[in-house]
Amino acid sequence: MNFRRALRGLLAPALLSALAYALLAAVGDWRTVSAAVRSFPATTLLLMLSLTLANYVIRSFRLRFLVRLCGHDMAISDALFTQFGSITMTVTPGKVGEILKALLVREYAGLPVSRGVALVFSERLVDVVAVTALAVGAVGLFANSGPALAAAVVALASGILALSSERVHRLALSLALKQRWMRQHREAAAAVSSTVRMTLGLRPLAVSALFSAAAWSCEGLAFALCLRELGFDGLTLPAAVAVYAISTLAGAFTFLPGGIGLTEASLAGLLVASGMHAADASAATLLIRLVTLWFGVALGWVVLASRPAVIRRLLRDPEADDAEESSPAS
């Protein structure tokens, strides 16, 4: 991971985010939006931040579970450091910076980078499954949402079955190894294949999905608390979690840093469609994104700074740049 390049890459997302939030404030009447944000109770804000922290802690335990599944061990303190530290890179373009997690897993668990990248890929796939499941609360809230969600679940289940199938992996490897350049990376390709199959098996998938659903439910609950504090009761708790899940998915399926722009637009749009005033919808969107995205990024840098020797080693690591170029997690 080229940290110098990653640091420069954080400037564009920050500017894009500022622009998106300025547009939200303008659409919702910036004076009203500003007043709503300024008067938001500190106690509720702290509770929302605590729920965001719970998300990261739960995902840290999931990371440790997956690492141990791969035959390596990882102290929970190192899993927490790895999870929190890797959040800093969620706003890099295409999330290519998330290769940092694979490097930290190698640092603390001895898992080769190629297998760590495959593990991160599996994590992201399971996150999509879990967040899609949370979106089920939107059925009945928006017209014709049921068939679309059912189709998404079927497509995801089919894809996961394929990715956990040894036969599919044998076929994919045989096709890939027909390429001369790929034969030079035969061992790495086999390791990636083995890791993906292992982490997406039926039992590991079920456990990982439960971790993921619990983690993302925490942020959905924080969003619901935000809506209640702003005086909006037009969404039930499951529906509020579903709205947050849908906007998260919308941002995830773009290569925009952190889903910035589309996540905010879809979230505010869904709230307005649910009957919330535009100014309050803008305020809710601003608050939840600051709590769930930028708070995590800022906290991640603080966590990384607590172990400077590790960062210095990664800055000098040539394997990091090679892994970044070939990462399927991006």
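The values are calculated or read from the model by the stated rules, or taken from the named source; none is laboratory data. Nothing here was measured: the structure is a model prediction, and the numbers come from that model. So basically every Cβ, Gly included, is an ideal-geometry build from the backbone, and we count neighbours across all protein chains shown. Each accessible area value is taken on the protein alone, full model and side chains, heavy atoms only, with ligands, DNA and RNA left out. Shrake-Rupley method; radii C 1.70, N 1.55, O 1.52, S 1.80 Å.
I'd like to check one number: the per residue accessible area of the range 207-256, probe 1.4 Å, reported in Å² as a whole number.
39
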* To do: Calculate, axis by axis, the spread of Cα positions in the range 269-320 along the three principal axes, and write the results as whole Å, longest axis first.
  => 52, 22, 11
* Structure fact -> Order by accessible surface, 1.4 Å probe, largest leading, for residues HIS72, HIS277 comes to HIS277, HIS72
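Could you please report the charge total around SER122, scoring K, R as +1 and D, E as -1 over all other residues with beta-carbon less than 11 angstrom from its beta-carbon?
Summing Lys and Arg as +1 and Asp and Glu as -1 gives +2.
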* **Heavy atoms of CYS70 accessible to a 1.4 Å probe, total area in Å² rounded to 10** => 10
* Quick one: how many Å² of TRP301 are accessible to a 1.4 Å probe, rounded to 10? -> 80
* Sum up the charges of everything whose Cβ sits under 15 Å from the Cβ of LEU49, counting Lys and Arg as +1 and Asp and Glu as -1, but leave LEU49 out. => -1
* Which values of log₁₀ I(q)/I(0), to two decimal places, follow from the Debye formula for the range 207-281 at q = 0.12, 0.13, 0.28 Å⁻¹ with a uniform point scatterer at every Cα? -> -0.33, -0.39, -1.30
* So how do PHE223, PHE253, PHE84 rank on accessible area, 1.4 Å probe, biggest first, that is with the largest at the start? -> PHE253, PHE84, PHE223
